[in-house]
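The values are calculated or read from the model by the stated rules, or taken from the named source; none is laboratory data. Bear in mind that the values here come from a model prediction, so they are computed numbers and not experimental data. Here the Cβ positions follow ideal geometry from the backbone for every residue, glycine too, while neighbour counts run over all protein chains shown. To get the accessible areas, we keep the full protein, side chains included, count just its heavy atoms, and leave off ligands, DNA and RNA. Shrake-Rupley method; radii C 1.70, N 1.55, O 1.52, S 1.80 Å.
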Amino acid sequence: MQPWIAQELASSDLGDQRLDRRYALLLDRLSQRPNLSIPAACQGWDETLAAYRFFDNDRVTPDKRLLPHRDAALKRIAAQSLVLLAQDTTELELTRRQEQVGGPLRDQQHFGLHVHPLWAMTPEGVPLGVLAAEIWARDAADFHQRSQRQHQPIEQKESYRWLVGYRQACALAEQVPGTQVVCLSDSEGDIYECFVEAASAGGRKADWVVRACQDRRLADPRGTKLCSAVA
């Protein structure tokens with residue numbers, strides 16, 4: 001087994017030592033051949049069945065699987081003076097003829113899951129780890145109700161994930177006071193609630209960079225807009 005796996009899973013606790021050992025073995029197999037399917041990466045059918053049982057076990061939740069990696073990432077982050085936290089959403093398309101997996105993606109002909117990770121790296125782009133990953137599926141019954149969702153509180157919208165990501169960045173800034181934490185978001189994260197959160201009192205805040213989407217009015221008595229001011 002590759003030596004780095006023991007370090008990465010040092011704090012793993014799935015409630016059963018057999019599950020912890022299986023986790024380490026799967027990480028070893030899949031990391032060596034990440035382009036292959038589970039059956040192709042495993043050594044034999046018995047090992048493949050054990051892998052499927054592992055992922056189907058109620059104790060093996062996404063949060064518990066991520067926890068030891070996050071602990072290891074925190075140590076790497078604390079050793080840096082500046083860390084970038086990039087958040088973005090990825091589609092996992094799982095469209096199949098025989099079964100419907102997840103919810104609609106860009107339309108109701110394509111189904112799958114959405115994943116919104118918070119990924120830490122150095123300014124040079126060296127990866128340090130994934131600190132969080134929200135996973136969800138859209139409800140097909142509500143897919144065409146976008147106009148109604150605009151009037152809902154942000155906690156009930158998909159865009160809430162950007163505010164949660166920034167709050168997680170602020171929590172990290174509290175944990176590593178010797179490291180400057182900068183949260184990065186693309187134009188989908190240009191949300192007013194995130195700016196309010198950054199300006200609110202209490203706790204150590206993460207810095208942030210967001211790609212502008214809205215031509216916002218500045219705190220200027222002349223009513224200056226963002227794009228003209230930057231130009």
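Among Ser185, Ser81, Ser37, the largest mean-square fluctuation in a Gaussian network model of the chain, built with springs joining Cα atoms closer than 10 Å, belongs to Ser37.
Below 30 Å, Cα to Cα, which lysines can Lys75 reach? Residues fewer than 8 away in the same chain don't count. Filter leaves Lys64, Lys205. Springs between alpha-carbon pairs under 10 angstrom, Gaussian network model over the chain: which of Ile77, Ile191, Ile154 fluctuates most? Per the Cα network of the chain with a 10 Å cutoff, Ile154 tops the list.
3J(HN,Hα) along segment 59-65, derived from phi through the Karplus expression 6.51 cos²θ - 1.76 cosθ + 1.60 where θ = phi - 60°, amounts to 6, 8, 7, x, 5, 5, 5 Hz, with x in place of Gly and Pro.
Which whole-number value in Å³ per residue fits the convex hull of the alpha carbons of the chain? Please report the intermediate quantities before stating the final value.
On the way: hull volume 42.5 nm³, N = 231.
Dividing the Cα hull volume of the chain by its residues yields 184 Å³.
Around the Cα centre of the chain, unit charges on the Cβ atoms of Lys, Arg, Asp and Glu (plus for the first two, minus for the last two) sum to a dipole of about 200 debye. Spatial offset of segment 33-91 relative to segment 104-180 amounts to 18 Å, using the alpha carbon center of each. When the chain is treated as a GNM with alpha-carbon contacts under 10 Å, the residue of His110, His151, His69 showing the greatest mean-square fluctuation is His151. Between the Cα long axis of helix 45-56 and the first principal axis of the chain there is an angle of about 40°, rounded to the nearest 10.
Considering only alpha-carbon pairs that sit under 8 angstrom and 6 or more positions apart, the relative contact order computed for the chain is 15 percent.
Using just the helices of the chain, give the 222 nm mean residue ellipticity in deg cm²/dmol: DSSP H runs with n ≥ 4 each add -39,500 (n - 2.57), and the total is spread over all residues, rounded to 500. Walk me through the numbers before you get to the answer.
Values: 9 runs with 88 residues, N = 231.
Computed ellipticity for the chain at 222 nm equals -11000 deg cm²/dmol.
Can you sort Tyr166, Tyr52, Tyr192, Tyr160 by 1.4 Å-probe accessible area, starting with the largest?
Details: Tyr166 10, Tyr52 105, Tyr192 145, Tyr160 60 Å².
Largest accessible area first, the list is Tyr192, Tyr52, Tyr160, Tyr166.
Note on segment 104-209: Cα convex hull, mean projected area over all directions, 8.0 nm².
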